[in-house]
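To start, the structure under review is shown below, and the notes come after it.
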Amino acid sequence: MKQKPKVAFICVHNSCRSQIAEALAKHYYAHVFDAYSAGTEIKPKINQDAVRIMKERYGIDMEASQYSKLLAELPPVDSVITMGCHVNCPYLPCKHREDWGLEDPTGKGDDFYLSVIRLIEEKLKALSMKFQ
């Protein structure tokens, strides 16, 4: 049986966008690829607005199975997706790399969070098609 590709979602603090992408990828596309997230720095906990909205809208408790982690904690990955942090992420060997250019919703209202989450959903769907 063919091994599923491993995808890493990378953001500076690994507390919001990359965590949302990991959670949604595991929720919808675990049968297509393995999802991970990490950052170049970490926060003590996942963004609490993101945690709340993901629980309310999707029934996903990110804090139950995810935590903010550094790039060094990732296994070797096939694809690297950066969230749009406007920084140069350290080099991670991979076969595929892209930047999603997402604006950080931290400190903004729920509507902005939801618009970013919808964009992540659209991009995850397109990404999953590349692996099927």
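The values are calculated or read from the model by the stated rules, or taken from the named source; none is laboratory data. Values in this document were obtained by computation on a predicted structure and should not be read as measured data. Here the Cβ is made from the backbone with ideal geometry for all residues, glycine too, and neighbour counts use every protein chain on show. Note: accessible area is taken over every heavy atom of the protein model, side chains too, but ligands, DNA and RNA are not part of it. Shrake-Rupley method; radii C 1.70, N 1.55, O 1.52, S 1.80 Å.
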Restricting to segment 29-47, and then to whatever is in a strand (DSSP E or B) and open to solvent by 20 Å² or more (accessible area, probe 1.4 Å), can you tell me which residue is nearest to Ile117 (Cα to Cα)?
Tyr36
So in segment 93-132, with the set limited to residues that are assigned to a helix (DSSP H, G or I) and of a type in the set (Phe, Trp, Tyr), which one is nearest to Lys4 (Cα to Cα)?
Phe131
Might you check whether a residue that is surrounded by 13 or more Cβ atoms within 10 Å (Cβ to Cβ), part of a helix (DSSP H, G or I) and charged (D, E, K, R) occurs anywhere in segment 59-66?
yes
For segment 94-132, what are the residues that are out of contact with any strand residue (DSSP E or B) (no Cβ under 9 Å at 6 or more places or on another chain) and open to solvent by 80 Å² or more (accessible area, probe 1.4 Å)?
Glu103, Lys108, Asp111, Arg118, Glu122, Lys125, Met129, Gln132
Among Val12, Val51, which is surrounded by 20 or more Cβ atoms within 10 Å (Cβ to Cβ) and at pLDDT below 95?
Val12
